[in-house]
2 protein chains.
Amino acid sequence: MNKTRVCVLGPMGTFTEIAARKVFKEAEFTYCSTVDEVFDLVDSGTEYGVVAIENSLEGSVNTTMDSLIEYDLKIVKELIMDIRLCLVGPAGTNFKDVKTIISHPHALAQCKRFLSENFPEARLQRHESTAAAMAEVRNLRNSAAIGPKEAAEIYSLRLLRENIEDARSQTRFIVISKGEGSGNKTSIIFALRDEPGALYKTLKEFADDGINLTKIESRPSKKKLGEYLFFVDFEGSLKDEKVGKVMNAVKEKTTYLKILGSY
Amino acid sequence: MNKTRVCVLGPMGTFTEIAARKVFKEAEFTYCSTVDEVFDLVDSGTEYGVVAIENSLEGSVNTTMDSLIEYDLKIVKELIMDIRLCLVGPAGTNFKDVKTIISHPHALAQCKRFLSENFPEARLQRHESTAAAMAEVRNLRNSAAIGPKEAAEIYSLRLLRENIEDARSQTRFIVISKGEGSGNKTSIIFALRDEPGALYKTLKEFADDGINLTKIESRPSKKKLGEYLFFVDFEGSLKDEKVGKVMNAVKEKTTYLKILGSY
């Protein structure tokens, strides 16, 4: 039997891959260099893609939000994962020898206190990904990287200290696919007509039918000042008659409605 | 008489300074290295600060939105400006000699078509600001920068081509101050209670009194997944009795309300 094919942001050992492996125990993974490439591969035939959509400290992942608008793909699952960070170096590295620390700017920011207490003199070097920082640090002397423990194992690095983040954060990941999912949560995107009370009237459709919104985030349309796209998650499945009725009413009241699916 | 003191994002010749000079014809300008520093200086005594809050192509300016939450300052004016870009080089540079082009990533992205048609082979180099790119290009050979025409004059650069942007964009700038402004537009930030229909009920207060929202943008609180802050602009002044009544009702219905002022 062929394995399920899943694409994720690479290189090996990213938080996205760790999240994806919790959903897909046995799968053939493809490592993409950008979030956009993940959407592109799923659009052109790879069964599933996994991408981060929101972190509790850093906010929304813009490239994912933009790609959800651009591509005609569905959300079929979500997963929330705690983000724990560790400090690692090449075999033989000692904690006290570390002079340079490499990681993604968000990871460096999330370990600010740990770094200032333990490495006030170290040079902090930004890298585009925590996993890529780990891959790079293998060949460097007196250097360490910050990232997921799982990546340290993949790259045979020495664990110097675990859980070094100042504040714990969580990241929400979504699984995207060409096919429909199922479940009791639904995500949509819509744009309002340019008229007074447009958002109020749209939300009234949900409120009147007792549908609870779990997220509402608006973002500038990037076309015209004052135009917004609304990303809304709500409780209920597209298979529910009530939800279908509300979607029809919302379609009437908006200039753009994209249904991202139930999961 | 002392001149009004205004701080803006530097170096000299940024779009922010150009916008600020449209509002303050005669003023003493201080050039800050970050948006955060602009807020900081106004907070500690400089009369006014000018910052970009939104661009029609790039969306919201995150650092400005974050600082509006963090600092206790008021919006006292807004200004929308067309963003036009030009290609400039040191005196003596010819269009055909340009091998390297330096600018802010947004400016490079906005001139993508012009660059691929005219400079398919050129090396594109990212800089943190269009004005800073112009300052730097003065000392480089076979290089050009992309930025505002006004900055080209400041840095005595040669204008190689004007209006090279693929699509025109607009940026909204705001003037911040410790004192209150006045006018018929008001900006607020609020956070909702965690209960069904919370946003709907809050917007109902505006709708019931016929107050028109001109902007509603929500952003993750960066504290907890699923918690959002809403940035709302509406028509009306805090001096209007009706607006005061609605603000009291909104305060009752939300867990956080910050009034950024009328302007």
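Every number here is computed from the coordinates shown, using simple stated rules; none is lab data. As the structure is a computational prediction, the values presented were derived from the model and not from experiment. Glycine gets a Cβ as well: all are built from the backbone with ideal geometry, and neighbour counts include every protein chain shown.
Using only the C-alpha atoms of the protein assembly as shown, find the volume of their convex hull and express it per residue in Å³.
On the way: hull volume 92.3 nm³, N = 526.
So the per-residue hull volume is 175 Å³.
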| Which one of A:Y71, A:Y200, A:Y228 has the biggest mean-square fluctuation once chain A is modelled by GNM with Cα springs under 10 Å? | A:Y200
| field | Distance (nanometres) between label positions extended 7 Å along Cα→Cβ at B:E195 and A:K112 | value | 3.5
| request: Rounded to whole Å and ordered largest first, report the semi-axes of the equivalent ellipsoid of segment A:10-96 derived from its Cα gyration tensor (root of 5λ). | output: 27, 16, 13
| Given B:K178/B:K223; A:K25/A:K258; A:K258/B:K224; A:K215/A:K242; A:K224/B:K96; A:K223/A:K245, which pairs have Cα atoms separated by over 23 Å? | B:K178/B:K223; A:K25/A:K258; A:K258/B:K224; A:K224/B:K96; A:K223/A:K245
| message | If you take each beta carbon of peptide B:199-212 and count the beta carbons of other chains within 10 angstrom, what is the mean? | response | 4
| Cα axis of helix A:241-253 to longest principal axis of chain A: angle in degrees, 0 to 90, nearest 10? | 80
| remark: Taking max minus min of the Cα coordinates of segment B:86-162 on each principal axis, largest first, gives extents in Å of 27, 24, 19
| query | Averaged over B:162-173, how many beta carbons belonging to a partner chain fall within 10 Å of each residue's beta carbon? | reply | 1
| Taking a point 7 angstrom from the Cα of A:A167 along the C-beta vector, which residues in segment B:60-74 have backbone N less than 13 Å away? | B:70
| Exercise: per-residue mean of other protein chain Cβ atoms within 10 Å, B:213-223 | 6
| remark: GNM on chain A, Cα springs under 10 Å; top mean-square fluctuation among A:T100, A:T30, A:T186 goes to A:T100
| Whole-angstrom gap from segment B:217-263 to segment A:182-251, using each part's C-alpha centre | 20
| task | Between B:I69 and A:S44, take the C-beta separation as r, use R0 = 35 Å, and let me know the FRET efficiency to the nearest 0.05. | result | 0.30
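Taking only the Cα atoms of segment A:185-262, how large is their convex hull per residue, in Å³?
About 77 Å³ per residue, rounded to a whole number.
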| request: Give the span of chain A's Cα atoms along each principal axis, as three whole-Å numbers ordered largest to smallest. | output: 64, 48, 31
| request: Sticking with the crude label model, points 7 Å out along Cα→Cβ, report the distance from A:E241 to B:N212 in nm, one decimal please. | output: 4.0
| Can you give me the Cα centroid spacing of segment A:141-180 and segment A:12-70 in angstrom? | 15
| task | Return the single residue from A:A52, A:A20, A:A207 with maximal mean-square fluctuation; model: Gaussian network over chain A, springs between Cα atoms under 10 Å. | result | A:A207
